[in-house]
Each structure stands twice: as C-alpha cells, then as structure tokens.
Amino acid sequence: MEQKILTTIHQQILEAKKNGQKLLAILLDPDKIVWENLDHLLLKINQSPATHIFVGGSIVESTIIEDLIAQLKQKTRLPVVIFPGDPSQISPKADAILFLSLLSGRNPDYLIEYQVQAAPILKKTNLEVISTGYILIESGNETAVARVSKTEPLNRENFDLALATAQAGEMLGSKLIYLEAGSGAKKPVPLEMISVISQNVEIPIIVGGGIVDLHGIKKAYNAGADLVVIGTAFENDSHFFDS
C-alpha cells in the first residue's frame, strides 16, 4: 500500500528553505516527450539529484499528460507537480499543481481568468494547490510563454521592478515566486536579480529557463534560488550531472 505523505509539498519546500537545502525540478513537456525513450529518460531522472518532477508546457496540444503522469508515478518516487499553461493541463493523477498567476504581464486571462476556470475543476480533485506568482524575465529571445500569453517579459536590468512585482505577489498571498527566463532562453535570470529578490521576500524562490549546465544550477543556488528548474538541457545531455 502506498505510504501516505504526512506533509504537503509546499511544507517540504518551506522546510528545505529553512534548512538551507536546495531543490531541483526536472520539467517535462508532454508534447516533447519521445515515448520510445521515456524509460531511459526516467532512469536518468532516478539517477539524478532531482527532488521534483514538473509536468506541463506553454502549449500542450496532445492528450498525453494523463499517460505521462501515470508513467512517472509508476516508475519514479519523486513528487509530480503540474506546471500548467492553461486549465486543460489539470490531471488528478499528479501530487500538486502550481496555481500560477502571471504577475509580470497584464493579460487578464493569465492573471485571473484561467484561474477562475480552473478552480471548480481543482475542487473536484485531491491535488495540492500551491499559489505561485509567475514572473517572466527578458532572456534575449521571444520564448513560448511570452508568445502564448501575449505579454512582455520584465526588463532583465530592472531589478527594482522585478523586486516590486515579487513583493506584490507575496503580499497577494503567493506561496512561491517563480522567476522564469522561458524554455529555450538564450540567457538565464540574472544572478543579481535572484539575489535582490531572495533577500527581500520571505517565500521560496523558484528559478528556471536558460540554465544549461550544472555550473548554472550552482550559480542560481548561490544567488538565492531555493528550487531550480531544468528541462531541455537535461533531456538532451545524458551526462548533464557528470561535470
């Protein structure tokens, strides 16, 4: 019988922050999964220092999210957290969902409309819902999330605006702040921006996008990230954690 989780994923993240333990999530986009290679990918994840698996993408046109999460739950022991692009990506098979509000943009669909649509669906599941302030940072090229959400990322040199946005998210009740350069970003979130925000908000900081190697992960940690998210770079490099 599956052992019941005594603490929530959010509580575990808070405890890790308190103890100075750094967390790592591998982000899997269902539309980019090569099913023939899935077992090998899951073996790599199990052998990695990953603490969480995030599932989702800006555009998930396929209906394989349920099957993917089922495979992850069967073949890994890591908590599976949905990182949704819209309400269609909700699956009750996961452990939790990041309830995102795109604070860096002013498109009402991503600030509140999709959340209103998702709320009745989530109420019918046992998913842990983790309110997350989502902040897109300019990264040198247009990313999928900027294109799909029809929003402009924050200027990567405007630390004051990024900090004020994160603090507004915290004051609105976000449990996490997610600083996102975007999938395939040319540049990751600036280290100084991570540092400024982490020193001036109390809630945990997630950082993702544009981190292409182990050195990049360590630099984000040292700057103040509590949880780092990697995706494409890990999937494409079987020796990602060997360096």
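The values are calculated or read from the model by the stated rules, or taken from the named source; none is laboratory data. Note that the structure is a prediction, hence the values are computed from the model and not measured. A quick note on method: Cβ atoms are made from the backbone with ideal geometry, for glycine too, and the neighbour counts reach across all protein chains shown. The accessibility values were calculated without ligands, DNA or RNA, using every heavy atom of the protein model including side chains. Shrake-Rupley method; radii C 1.70, N 1.55, O 1.52, S 1.80 Å.
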* Asked: To the nearest 0.05, what FRET efficiency results for GLN47 and ASP67 with a Förster distance of 22 Å applied to their C-beta separation?
  -> 0.45
* To do: For LEU23, enumerate residues with amide H under 5 Å from its amide H, sequence gap 5+ or separate chain, H modeled in the peptide plane.
  => LEU227, VAL228
* Asked: To the nearest 10 Å², what's ASP242's accessible area with a 1.4 Å probe?
  -> 110 Å²
* Can you find, among ASN222, ILE177, THR125, the residue farthest towards the positive end of the dipole of the range 87-236? Put +1 on the C-beta of Lys and Arg, -1 on that of Asp and Glu. => THR125
* Calculate the dipole size of the range 9-97 relative to its Cα centre from +1 charges on Lys and Arg beta carbons and -1 charges on Asp and Glu beta carbons; express the result in debye to the nearest 20. => 560 debye
* **Pairwise Lys count, the range 66-183 - Cα closer than 18 Å, eight or more residues apart or different chains** => 4
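If I compute solvent accessible area with a 1.4 Å probe over the protein chains, what percent of it on the chain is carbon and sulfur?
Here it works out to 52 percent.
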* Asked: Just from its helices, what would the mean residue ellipticity at 222 nm be for the chain, if runs of 4 or more DSSP H residues each count -39500 (n - 2.57) and the sum is divided by every residue, rounded to the nearest 500 deg cm²/dmol?
  -> -10500 deg cm²/dmol
* Calculated P(r) tail over 19 Å for the range 113-243, as whole % of Cα pairs -> 52 percent
* **Sequence-distant aspartates and glutamates (8 or more away, or on other chains) whose Cα lies within less than 18 Å of LYS44** => ASP29, GLU36, ASP213, GLU235, ASP237, ASP242
* Structure fact -> Rounded to the nearest 10 Å², the accessible area of ARG147 using a 1.4 Å probe with every protein chain kept is 120 Å²
* Structure fact -> In Å², rounded to a whole number, the accessible area per residue of the chain with probe 1.4 Å is 50 Å²
* In debye, nearest 20: dipole of the range 87-236 around its Cα centre with unit charges on the Cβ of K, R (+) and D, E (-)? -> 300 debye
* Select from the range 3-102 those GluC sites (Glu not before Pro) which occupy a DSSP coil region and have at most 12 other Cβ atoms within 10 Å, ordered by residue number. => GLU61
* For ASP67, tell me the accessible area in Å² from a 1.4 Å probe, rounded to the nearest 10. => 90 Å²
* trypsin sites (Lys or Arg not before Pro) lying in DSSP loop within the range 50-136, provided at most 13 other Cβ fall within 10 Å -> ARG77, ARG106, LYS124
* Structure fact -> Among THR76, THR232, THR132, the residue with the largest mean-square fluctuation in a Gaussian network model of the chain built from Cα contacts under 10 Å is THR76
* What residues qualify as long-range amide H neighbours of LEU28, i.e. H under 5 Å apart, gap of 5 or more or another chain, H built at 1.01 Å from N? -> PHE54, VAL55, GLY56
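Please arrange HIS239, HIS52 by accessible surface area, largest first, computed with a 1.4 Å probe and ligands excluded.
HIS239, HIS52
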